[in-house]
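Here is the structure we will look at.
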Ligand SMILES: *Cc1c(COP(=O)(O)O)cnc(C)c1O
């Protein structure tokens, strides 16, 4: 059987990006592998990142952490989105570090520690201004509670998350940094000094050394993608190599006359006699339905998508002189170096960002891996 579409992940790029990030960070790196490693494949990416010198793995869900442990990965793992009622007992038994953003979660984790007969390893999550995860209104009460129960758990870290790290000039960044230092001081005030303070995501790791503390949590940059092309520059200018290429086959190539309407809703009409290609991938595979202004690379030429993206396919204008043939591969996105479209271009074409483009490529698209060069 032939594939009609494939994601090709170059693990060598992941390894190179980790090396680059380690050099910039100057502190240990947590490779963030949530959401199936941003669509790149959880286990192989995690193994590659560890082999390249990342010391920690970060995930959102407990299921993700259990999958890593089941694959035999022994590196420390932090999990930060296990809501009340989660199997904290299994997490403690599997040596998975847990984020604590609320008293309710703290109390459930303490209970699980007692059941396990083993102290949970926790990272206290504080809300320094993003108004999403972490302690805010309960902070004082939690400090009192910790003072009374600190021996029930092992306090490994304190952490927070930036809302606007990709906007270097924003005041909110220095405000969050200040608040983070204050909340860390509050802990020190009751004699608790976690060994790991961590605040930086990819953007802050790349541009704000003052936020690095003891560990940086890096997602998008390890996949070779820029956290924000407008404010931080392209992958290329940041010295990163995009690891993911998405390609699909041309299902059909045909001549169509000028004034032909293309696709559902007839949102596009050809303005000349041309050749169109039908690409065998669609919104069920994660190509956003609203995308306009991106397309494919074929025979070294960019062919824009025309009309709406359908569930399993979309149409590109190959141009009247195209020599493309049905059955050939076309590249939907890749590194900018081959002259085609990038995940950034598809993000922009969809009023979204590269993060959403790569994480939403569906499980219907097989992943192929290029190994790390030795
Ligand atoms: C996703 C996530 C990261 C990684 O963010 P990037 O911008 O991809 O580097 C870091 N920390 C937390 C808490 C996250 O949820």
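Taking R0 as 22 Å, what FRET efficiency do you get between residue 151 and residue 93 from their Cβ-Cβ distance, rounded to the nearest 0.05?
0.65
For the chain, modelled as a Gaussian network with Cα springs under 10 Å, which listed residue fluctuates most, 220, 73, 361?
In the Gaussian network model the winner is 73.
Out of 359, 67, 128, any idea which swings most in a Gaussian network model of the chain, alpha carbons joined below 10 Å?
67
Sorted by packing (mean other beta-carbon atoms within 10 Å per residue), highest first, where do 21-28, 51-58 land?
Details: 21-28: 16.6, 51-58: 20.9.
Descending packing order for the listed peptides: 51-58, 21-28.
Report, to the nearest 10°, how far helix 139-149 tilts away from the longest principal axis of the Cα atoms in the chain, using its own Cα long axis and a range of 0 to 90°.
With both axes taken from Cα atoms, the answer is about 50 degrees.
Counting other C-beta atoms within 10 Å, which of 178, 348 has the fewest, and how do the rest follow?
Values: 178 12, 348 19.
With the sparsest Cβ surroundings first, the list reads 178, 348.
Modelled label-to-label distance, residue 273 and residue 51, 7 Å Cα→beta-carbon offset: nm?
In this crude label model, residue 273 to residue 51 measures out at 5.4 nm.
Could you please rank 344, 208, placing first whichever residue has the fewest other Cβ atoms within 10 Å of its Cβ? Each step should come with its number before you reach the end.
On the way: 344 22, 208 17.
Ranking 344, 208 by Cβ neighbours within 10 Å, fewest first, gives 208, 344.
Using the 10 angstrom Cβ neighbour count as an exposure proxy, how do 30, 183, 1 rank, fewest first?
Details: 30 26, 183 21, 1 3.
Ranking 30, 183, 1 by Cβ neighbours within 10 Å, fewest first, gives 1, 183, 30.
Can you work out the PRE-style zone for residue 336? Point 7 Å along Cα to Cβ, and I want the residues of region 12-38 with backbone N under 20 Å.
Taking a point 7 Å out along Cα→Cβ of residue 336, the residues of region 12-38 whose backbone N falls under 20 Å are 13-14, 16-18, 20-21.
Suppose the chain between residue 167 and residue 368 were pulled fully straight at 0.36 nm per residue; how much longer would it get relative to their current alpha carbon spacing? Provide the component values of the computation, followed by the final result.
On the way: separation 201, 0.36 × 201 = 72.36 nm, distance 3.45 nm.
Net length gain for the segment: 68.9 nm.
Between residue 321 and residue 2, what FRET efficiency follows from the Cβ-Cβ distance if R0 is 30 Å, with the result rounded to 0.05? Provide the component values of the computation, followed by the final result.
On the way: r = 28 Å, r/R0 = 0.92.
Working from the Cβ atoms, E equals 0.65.
For the chain, just say rounded, prolate or oblate: build the C-alpha gyration tensor, square-root its eigenvalues into a ≥ b ≥ c, call rounded for a/c under 1.5, and beyond that prolate if a/b exceeds b/c, oblate if not. Walk me through the intermediate numbers first.
Numbers: a/c = 2.40, a/b = 2.17, b/c = 1.10.
Prolate shape, in that a/c is at least 1.5 and a/b is the bigger ratio.
Anyone know which of 234, 350, 258 comes out most mobile in the 10 Å Cα GNM of the chain?
Among 234, 350, 258, the largest mean-square fluctuation in the Gaussian network model of the chain belongs to 258.
If I fit a long axis through the Cα atoms of helix 171-189 and take the longest principal axis of the Cα atoms of the chain, what angle between them do I get, 0 to 90°, rounded to 10?
For helix 171-189, the angle is close to 30 degrees.
Can you bin region 244-370 into rounded, prolate or oblate? Criterion: square roots of the alpha carbon gyration tensor eigenvalues sorted a ≥ b ≥ c, rounded for a/c under 1.5, prolate for a/b above b/c, oblate for the rest.
On the way: a/c = 1.69, a/b = 1.39, b/c = 1.21.
Cα axes put region 244-370 in the prolate bin.
Run the numbers for residue 231 and residue 210: contour at 0.36 nm per residue of separation, minus the present Cα-Cα distance, in nm.
On the way: separation 21, 0.36 × 21 = 7.56 nm, distance 1.86 nm.
Contour length minus the Cα-Cα distance gives 5.7 nm.
Work the Kirkwood hydrodynamic radius out for region 296-374: mean of 1/r over every pair of different alpha-carbon atoms, inverted, in Å. Could you put the intermediate results ahead of the total?
Details: mean 1/r = 0.0701 Å⁻¹.
One over the average 1/r among Cα pairs gives 14.3 Å for region 296-374.
Between region 1-76 and region 187-226, what is the C-alpha centre distance in whole Å?
Centre-to-centre distance over Cα atoms comes out at 17 Å.
How big is D, in µm² s⁻¹, for region 46-199 by Stokes-Einstein at 4 °C and 1.567 mPa s if Rh is the Kirkwood radius over C-alpha pairs? Numbers along the way, then the final one.
Details: Rh = 16.1 Å.
The estimated diffusion coefficient comes to 80 µm²/s.
Starting from the Cα of residue 182, step 7 Å along the direction of its Cβ; do the same at residue 258; then give the gap between the two resulting points in nm.
For the pair residue 182/residue 258, the computed spacing is 6.7 nm.
To the nearest 10 degrees, how steep is helix 11-25 against the longest Cα principal axis of the chain, on a 0 to 90 scale?
On a 0 to 90 degree scale, this one is about 50.
From the helices alone, meaning DSSP H stretches of at least four residues, give me the mean residue ellipticity at 222 nm for the chain, per-run term -39500 (n - 2.57), in deg cm²/dmol to the nearest 500.
Numbers: 13 runs with 116 residues, N = 374.
One gets -8500 deg cm²/dmol as the mean residue ellipticity at 222 nm.
Roughly what % of DSSP beta bridges within the chain run antiparallel, to the nearest 5?
Details: 28 of 58 bridges.
Taking every DSSP beta bridge within the chain, about 50 percent pair in antiparallel fashion.
Coordinate-derived values only; no laboratory data. From a predicted model like this one, the values you see are computed outputs, not experimental measurements. Reconstructed Cβ throughout: ideal geometry from the backbone, glycine too, with neighbour counts over all protein chains shown.
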